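For reference, the structure discussed in these notes is given below.
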Amino acid sequence: MAIRVRRSITELQDEYSKGNKKPLEDLMRAWKGIKELPPDDPRSFFVLGGYHGEPFRGGGWGSSAYWGGYCNHGNILFPPWHRVYLYKLEKALQSIPGCQDVMLPFWDEASEDSLKNGIPWALTQENFQLDGKQIANPLRSFVFNRSITDNINGDDPNYSKPLGYETVRYPLSGLVGTEADRIATKKHNALYPNYAQNVQYLNKNIIAWLTSYIVVNGKRIETNVHQKYIDCLNAPNYTLFSNTTSASQWNEDHGTTIVPLESPHNSIHLAVGGFDAPGFDVSPIAGANGDMGENDTAGLDPIFFFHHCFVDRVFWLWQKKHGKTESLDIIAEYPGTNTVDSQGPTPGMAPNSWLTLESPMAPFKKDDGTTYTALDCINIEKQLGYTYGPGSLEDHAAKPVLAAAAQSATAIRVRGINRAGIRGSFLISAYANLDGKKLHLGTEAVLSRWSVQGCMNCQTHLEAKAAISLHGLAESDLANARYEVEVHTHDQVFRSSIAQSKEARKFFLTEVR
C-alpha cells in the first residue's frame with residue numbers, strides 16, 4: 001500500500017499563492033462535490049457530517065439510553081473513532097471525479113502562522129475562484145440540503161435546523177429551533193452584518209485562545225491552548241492521553257495535572273463555536289453560539305474535519321513519542337472505559353458495557369462489512385495508508401517523555417459542577433487575584449450538548465471536573481493571592497472565590513446554580 005500524505009492546509013495556501021493552484025483547487029472541488037450530493041447519498045457531507053451528532057439515528061433517536069450521536073467523547077475511543085471518521089470523509093472526497101488524489105489537510109493549530117493570524121484563510125475566505133467561476137467557498141460553511149429535527153428536546157427543539165440553514169461561527173449565533181430562538185438569533189446576528197469583519201473577530205478570538213499568558217514576578221506563564229497541545233504529548237499512557245474522563249480521575253487521585261488530547265480539542269471547538277478567550281477583552285460578544293460549539297451540530301461545519309485532522313496528527317505524534325504505533329494499552333475498567341462515562345453510549349453499543357480496543361466503532365464499516373474497531377487503525381501508515389507531512393510540535397514530540405513526578409503540580413481542583421441545568425457547552429476558568437490584578441490561570445472547556453435532559457445515562461454522569469495548574473509558581477509568588485473559579489455558560493457566569501491556604505490547592509466547587 002502506497003503511503004499518502006496529509007499536508008498542512010497552510011502549505012496548500014502558500015503553493016496556491018505562488019502559482020501552483022491545483023492542490024487547493026482540487027480540495028475545493030472535492031468538498032464542493034460531496035456537499036452537492038443528494039442528502040441520502042452515503043458519501044454526501046450531510047450524511048457524513050451528521051454522524052457526529054444530529055440527525056440522530058437508530059436508538060439514539062428515540063431512546064433515553066443513548067446520547068444520540070455516534071461520536072465518542074469522554075472515553076478511550078475518542079481518538080480512534082475520530083480517526084476512522086476522518087478516513088471515511090477523505091474517501092468520500094476522493095470519490096468525486098478528478099479528485100482521486102485529494103487528501104484531507106490539517107489546520108496546524110500550533111503553527112506560527114496560526115498563533116499570529118488565526119484560522120487559515122482557505123477555511124474562512126468568503127468566495128473562491130474555481131474553474132473560471134466565483135463560488136461560495138465550500139470550506140467556510142454548509143447550507144443544509146435537508147432539514148433536521150431536534151426530537152430530544154420535545155417542545156423546546158433548540159437544535160432543529162430548517163432546509164437552507166447555513167452553519168455559522170463566532171461571533172454569530174445559530175440557534176433557530178424555536179420562535180424565541182429565531183427572534184433572539186436574528187437580533188444578535190444583525191449586530192454583525194459584515195462577513196469580513198466577523199472573520200477578524202473570529203481570528204482575534206482564536207489567537208487569544210492559542211497565545212494567552214500571564215506574568216508573575218517577572219515569570220511568563222503560558223496559559224494557552226498551544227501549551228496544552230505540548231503538554232498532552234507527555235501524557236504517560238494511552239488511557240490518560242485519550243480522554244478527559246480518565247485524565248480527570250487520575251489527576252484527582254494522584255495530584256497530577258496531566259493534560260489529555262481531548263482537552264485542547266475541546267477548547268478549539270468552543271473558540272470557533274462562540275466562547276470568548278477567558279481573561280481577554282479581545283472581542284467579547286455575548287450570545288455567540290456557533291455550530292462548532294455543541295456536539296449536536298459540530299460535524300456539520302467543514303472546519304470540524306480540518307481541526308480533527310490536526311488532533312489526529314497530535315495522536316500520531318504521541319504514538320511515535322511513546323513507542324505506541326503498533327499497540328495501545330487500556331487501564332481496564334477505569335473511568336473513561338465504560339459506555340456510560342460522560343455522555344452515554346452511542347447507537348450500536350450496549351449501555352453500561354466496558355470499552356476495549358475491540359469495541360465496535362459504529363457506524364463505520366470495513367470492506368468486508370464488519371465494523372471498524374480501534375485495532376484496525378492503530379498504525380495509520382500500515383493499516384490506513386496515510387501519514388502526516390511536516391508541521392508544528394515535532395520538536396516537542398522528539399524530546400524525552402517527562403517523568404510522572406514532573407507532571408505533578410499544585411492546582412486548583414474543581415469538581416461537583418452539575419451539567420443538568422447548563423444549556424450546552426461551558427468553560428471552567430480559574431483566576432488568581434494578585435496585587436489588584438486578575439490573572440487567568442487556565443481554563444477547561446467542556447464540549448457538551450445543548451440538553452442532557454433526554455439522555456438517561458448523561459443524567460447519571462453529570463459531574464464536570466477540572467484540575468487547573470498553578471504552573472509551578474512558588475508560595476512566595478502567590479502569597480497574597482485570592483483564587484476565583486468562574487463557570488461561563490451561554491446564559492450566565494457563576495463565581496466562587498477562596499483565600500490562599502492549603503485548601504486552595506484542593507479547591508472543590510461543590511455547588512453551581
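The values are calculated or read from the model by the stated rules, or taken from the named source; none is laboratory data. Fair warning: this is a prediction, and the values are worked out from it, not measured in the lab. Counting neighbours? That spans all protein chains shown, and the Cβs are built from the backbone with ideal geometry, glycine included. The protein model used for the area step is the full one, side chains on, heavy atoms only, and it has no ligands, DNA or RNA in it. Shrake-Rupley method; radii C 1.70, N 1.55, O 1.52, S 1.80 Å.
Structure summary
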| quantity | calculated |
| --- | --- |
| Cβ-based net charge around Lys438, under 11 Å, with every Lys or Arg adding one and every Asp or Glu removing one | -1 |
| Charge sum, other residues only, whose C-beta stays under 13 Å from Thr211's C-beta, Lys/Arg counted +1 and Asp/Glu -1 | 0 |
| Cut-off 11 Å between beta-carbons: net charge of the residues surrounding Ala397, Lys and Arg +1, Asp and Glu -1 | +2 |
| Rounded to 10°, Cα long-axis angle of helix 78-94 versus longest principal axis of the chain | 20 degrees |
| Relative contact order (percent, whole number), region 172-320, Cα cutoff 8 Å, 6+ residue spacing | 23 percent |
| Apportionment of accessible area to carbon and sulfur, region 111-217, percent (1.4 Å) | 51 percent |
| Length-normalised contact order for the chain - Cα pairs under 8 Å, 6+ apart - percent | 18 percent |
| Distance between region 2-62 and region 210-250 - C-alpha centres, whole angstrom | 30 Å |
| Whether region 272-346 is rounded, prolate or oblate, judged on the alpha carbon gyration tensor where a/c under 1.5 counts as rounded | prolate |
| With DNA, RNA and ligands ignored, accessible area of Thr410 (1.4 Å probe; Å², nearest 10) | 60 Å² |
| Solvent-accessible surface ranking, highest first, for Ser95, Ser160 at 1.4 angstrom | Ser95, Ser160 |
| Listed residues Ile3, Ile331 arranged by accessible area, highest first, probe 1.4 Å | Ile3, Ile331 |
| 5 angstrom amide H check on Phe106, placed H, neighbours 5+ away | Arg7, Ser8, Ile9 |
| For region 425-438, Karplus couplings with θ = phi - 60° (6.51, -1.76, 1.60), whole Hz, Gly/Pro x | 6, 7, 10, 10, 10, 10, 9, 10, 8, 10, 6, x, 10, 9 |
| Residues with amide H under 5 Å from that of Ala411, placed H, sequence gap 5 or more | Leu470 |
| Region 294-399 - accessible surface per residue (Å², probe 1.4 Å) | 35 Å² |
| Principal-axis tilt of helix 244-254 within the chain, Cα atoms, nearest 10 degrees | 20 degrees |
| Three-way shape call for region 172-298 based on the alpha-carbon gyration tensor, with the a/c threshold at 1.5 | oblate |
| Order of exposure, largest accessible area first, which applies to Lys22, Lys321 with probe 1.4 Å | Lys22, Lys321 |
| Anisotropy class of the chain from Cα gyration tensor, a/c 1.5 cut | rounded |
| Positive-pole candidate from Gly118, Tyr70, Ile183, dipole of region 63-190, charges at beta carbon | Ile183 |
